[in-house]
Structure formats: C-alpha cells, structure tokens
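The block underneath contains the structure these notes are about, expressed in structure tokens.
Readers should treat all values here as calculations from the given coordinates under stated rules, not as data from a laboratory. From a predicted model like this one, the values you see are computed outputs, not experimental measurements. Cβ sites come from the backbone with ideal geometry, for glycine too, and all protein chains shown count toward neighbours.
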Amino acid sequence: MSAEPTRRTFFSFATAAAVAASQQKPLIAANDKVDVAIVGLGGRGGNHMDEYAKLPDANIVALCDVNQAALERGQARVEKATGKKPKGYADMRQVFDDKEVQAVSMPVPNHWHALATIWACQAGKDVYIEKPACHNVFEGQQMIAAARKYGRMVQIGSQSRSIEHKLKAIHLLHEGVIGKVYLAKGLCFKRRLSIGHKDDAPIPAGLDWDKFLGPAPMRPYNELRFAYNWHWFWDTGNGDIGNQGVHEMDIARWGLNRGLPKSVNSTGGKYYVPANDDQETPNTQMATFDYGDAELMFEVRGGTTGPEGGLQIRGGNTIGNLFYGSEGWMAVDGDGFQVYKGVLNPNGKSERQEKIMDEKRGMGGDTGPHMANFLAAVKSRNYKDLHADVEIGVPSADLCHLANTSYRLKRELKFDDATRKYLGDEEANKMLTRNYRKPYVVPEKV
C-alpha cells in the first residue's frame with residue numbers, strides 16, 4: 001500500500017471529538033470482542049501482536065507503522081496467528097479515523113506517547129500506551145486531562161501492576177508487614193553495551209522519518225536514532241531510568257505509597273564506554289527523592305555488576321526493588337518476593353534477621369494479563385478498573401523526568417507537587433515541557 005497519508009489537514013480533534021465519538025460502535029457487550037489496532041510494530045510491537053492474538057476478548061483489525069517493511073511483516077504475523085489479515089496504515093491518524101477501531105494499543109517511542117494518546121482520546125478510542133506514560137511532566141497532565149474529558153480508558157504499560165505476586169507484596173507492605181516503610185529502593189542493573197558511533201545516512205526506502213520524529217526536532221536520519229537505540233537520545237527517550245527503570249520506579253513509589261517528592265538529586269554519567277559512543281543519556285545514574293518522612297532511591301547501572309540485597313543476578317542483570325521498614329525489609333523482583341524481620345537475640349542487645357516469607361512467582365506472563373485488564377475496563381467503562389490508569393502511570397514517569405532534569409542541570413531541585421513546578425528554578429521549569437515541532441504539538445488545551 002502507499003505510504004502517503006490521507007489528504008486532509010491536521011484538523012482539531014477537540015472540535016471534532018463529539019462527531020468522532022458518535023460514529024464509534026455502540027458500547028461493547030460483555031461477551032463481544034474489542035476491535036483493536038496496534039500502532040508501532042517494532043520489537044515491543046511484536047509482543048503486542050502476539051498477546052492480543054491470544055486474548056479471547058481481542059480482535060486485531062488494523063496495524064500501523066511508519067516503516068512499510070515493518071507494517072507488511074506485522075500483517076503477515078497477525079494473519080498467521082489469527083487467520084485474518086488486518087488493515088494496514090502508515091499514519092496513526094488514519095487509524096483514529098477508522099470507525100471499526102474501538103481501542104488502540106501503542107508501543108510507540110516515548111516522545112510519541114502523549115500526542116498519540118491525546119489524539120486517540122479525542123477521536124473516541126480507548127488507549128493502551130507503553131511506559132513511561134509520557135516524555136516530560138507537562139505531557140502527563142495533558143494525557144490525564146484528555147482521558148477524563150473524553151471518557152476514555154487509558155492504560156499505561158506498567159505490567160507489574162497485573163502480576164499476582166507483586167500485587168500481594170505491595171498489599172503486605174501497605175498492611176505493615178515490615179512496619180512503617182521509610183525507604184524504597186529501585187534497581188535497574190541491566191547490562192548495556194556501547195552503541196558506538198554511526199554517521200548520518202540517507203533515509204531508508206519505505207520509512208517516513210518525519211512521522212517517526214513527530215514532536216521531536218528534525219534531525220538527519222541516523223541508524224542509532226532509530227529502532228531500539230532511540231531510548232538513549234534526549235529527543236526521543238529518557239535513558240534507562242525511563243526505559244527498564246520506570247517499571248521499578250513505579251513499584252518503588254507504589255510500595256512507598258507516595259506521589260511526587262519535595263526534592264530530587266541525581267548524579268551519574270556515561271562511564272566505561274569509548275569516547276566516540278553516541279549515546280546521550282547516562283549509563284550510570286543515582287537518584288534520591290526526599291518525601292520528608294521517607295525516601296526513595298533509584299540506581300541505574302549499565303556495566304558489569306553484582307547482586308544487591310535479596311535480589312540476584314539473572315542473565316547479567318539485577319532488576320527489582322528493596323523496601324526497608326521499622327520492623328524489617330522486603331525484596332521484590334520478577335521471580336517473587338522475600339520478607340525479613342529483625343529479631344532480638346536473647347541478650348536483647350543485638351538483632352538477627354529471619355526470613356518469614358518467601359513467595360515465588362506463579363505461572364504465566366505479565367503483558368497478557370495487563371492487556372486483559374485493559375480490555376475488561378474497555379467493556380466496563382470504568383477507568384478505576386484499570387490496574388495502571390494514566391493517573392497512576394504519570395507520577396511514576398514524572399519521577400524519572402525529575403531525576404533526569406536534576407542530572408542534566410547537575411544540582412538538587414526542589415519540587416512542588418501541587419503546582420507541578422520546581423521552586424525558584426526557571427531553567428528547570430523550562431524542562432517540564434519541550435519546544436514541539438509543528439504540526440506535532442501537544443496542546444495546552446485538550
């Protein structure tokens with residue numbers, strides 16, 4: 001099919017929202033399938049296609065990608081899995097115009113999360129958007145506003161919120177299993193090799209580079225800014241703290257039962273890689289968030305590492321969370337959780353640790369149950385049924401943004417949760433948003 005977009009202007013979805021919503025299918029009955037379109041067919045897009053193909057409540061009716069080759073591969077993949085070839089689009093706005101589509105699932109790059117979600121909500125579609133919820137603090141608030149204004153279900157891809165043993169672990173923390181939790185620590189020790197250096201090059205045939213960049217500044221095509229490595233450039237990604245790390249950041253905030261902090265301080269750098277490595281984001285980063293009565297710490301470590309606490313190395317990585325309370329501590333990762341209590345020795349002068357709980361992960365994956373929860377909320381029309389509603393996902397992403405801003409400005413920052421602004425720091429406040437490239441502008445009013 002042609003890669004040309006539909007011949008129409010970038011009309012205001014806000015003014016057309018009522019018309020668009022009225023043209024949607026009627027509310028979905030409990031026993032009906034949800035007609036889903038998947039936008040973004042890269043590595044994570046493959047997971048979306050495979051999982052929705054297996055879910056009994058989903059019907060994949062359309063796919064979209066700015067890369068023609070990826071679109072064609074995706075259509076063949078879904079057809080093989082379901083026996084039905086989905087429609088193909090090169091522009092997500094065509095998907096939002098499609099009256100058959102009821103929900104969109106969008107594993108697109110971070111810099112597209114907000115605008116894609118807002119456009120979809122304005123067009124009357126429910127949204128599953130991958131983590132982190134947003135690329136900056138301003139965008140998260142606009143996503144929440146759009147979800148509420150248009151009555152849309154917006155699920156963030158924080159799959160830990162749908163994993164049984166993690167749900168149980170957080171419930172126990174909130175019930176006081178280790179007393180008052182005063183420190184939550186997130187660990188993202190994920191081995192990352194150097195991405196090296198590549199020169200700019202001609203845009204490959206079949207790739208719409210303008211649409212890939214979207215809200216980001218126009219840059220010459222470079223292979224390292226495309227595919228997975230877009231994570232390591234500030235224009236499009238948020239580094240590993242906003243990639244793998246935001247999953248653990250979300251769990252840390254969840255267990256600590258807090259929103260945004262009073263202050264943040266983050267340090268780190270690009271270490272252990274050659275001088276000509278093109279990555280912009282740090283491969284080593286430490287962030288501390290002060291809540292007044294508790295603290296959240298987060299560490300990114302991309303080099304060779306060892307384990308920490310009760311968390312073990314698996315495949316060269318140590319990824320998980322540690323919680324410390326007045327009566328003990330807890331370790332949580334993808335394989336389960338352990339609870340340790342402090343027990344006084346008979347002399348009453350020293351303390352030993354005793355493992356009181358060791359819960360193993362059950363069978364099954366994480367993405368499928370999270371998507372099933374999304375589809376159930378699409379049917380119930382109650383956003384409170386979502387395990388990771390946009391209002392839950394946004395503050396977890398915001399912690400990553402606060403940390404990155406502190407890292408980039410090389411100073412501690414005071415933050416006011418009520419106004420979502422930094423105190424007395426206009427340079428930092430400018431980094432709450434970005435200069436959007438027209439016409440891909442996240443609107444001030446959704």
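The table below lists the values:
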| read-out | value |
| --- | --- |
| Order by protection proxy (mean Cβ within 10 Å, highest first), peptides 234-246, 216-228, 70-82, 119-131 | 119-131, 234-246, 70-82, 216-228 |
| Förster-model FRET efficiency, 35 Å R0, Asp290 and Val343, C-beta, rounded to 0.05 | 0.70 |
| Linear extension gain, Lys355 paired with Tyr272, 0.36 nm per residue minus alpha-carbon span | 26.2 nm |
| Charge dipole of the chain about the Cα centre (unit charges at C-beta), most positive-ward option of Ile60, Val273, Thr305 | Ile60 |
| Interchain or long-range residues, amide H under 5 Å from Lys421's placed H | Asp416 |
| Nearest-0.05 FRET efficiency for Ile203 and Asn257, computed from C-beta distance (R0 51 Å) | 0.60 |
| Relative frequency of Cα-Cα separations exceeding 33 Å in the chain, percent | 36 |
| Amide hydrogen neighbours beyond the local backbone of Gly88, cut-off 5 Å, H modeled | Leu63 |
| Residue-by-residue Karplus 3J(HN,Hα) for the range 235-241, coefficients 6.51, -1.76, 1.60, Hz, glycine and proline x | 4, 10, x, 9, x, 6, 5 |
| By average C-beta atoms within 10 angstrom, highest first, the peptides 417-424, 156-163 | 156-163, 417-424 |
| Karplus-derived 3J(HN,Hα), 6.51/-1.76/1.60, for each residue of the range 57-67, Hz, glycine and proline x | 8, 10, 10, 6, 9, 7, 10, 8, 7, 7, 9 |
| Stokes-Einstein D in µm²/s, Kirkwood radius over Cα pairs - the range 124-239 at 20 °C with 1.002 mPa s viscosity | 118 |
| The chain: antiparallel DSSP beta bridges as a percent of all, rounded to 5 | 65 |
| Solution diffusion estimate, µm²/s, Stokes-Einstein, the range 86-129, Kirkwood Rh from C-alpha pairs, 10 °C, viscosity 1.306 mPa s | 151 |
| Using alpha-carbon coordinates, inclination of helix 68-82 to the longest axis of the chain, degrees | 80 |
| Helix axis angle, 367-380 relative to the chain longest principal axis, alpha carbon, degrees | 60 |
| Principal axis box of the range 27-121, alpha-carbon based, largest edge first, Å | 35, 29, 19 |
| Signed unit charges on C-beta, dipole axis of the chain, positive-most listed residue Gly42, Tyr440, Pro217 | Tyr440 |
| Helix axis angle, 43-54 relative to the chain longest principal axis, alpha carbon, degrees | 80 |
| Two-site label geometry, Arg411 and Ser326: point separation in nm, points 7 Å out along Cα→Cβ | 3.7 |
| Ile356 long-range amide H proximity, modeled H, under 5 Å | Val339, Tyr340, Lys341 |
| Order by protection proxy (mean Cβ within 10 Å, highest first), peptides 359-367, 334-342, 373-381, 132-140 | 132-140, 373-381, 334-342, 359-367 |
| Reciprocal of mean inverse Cα separation for the range 282-374 (Kirkwood radius, Å) | 16.1 |
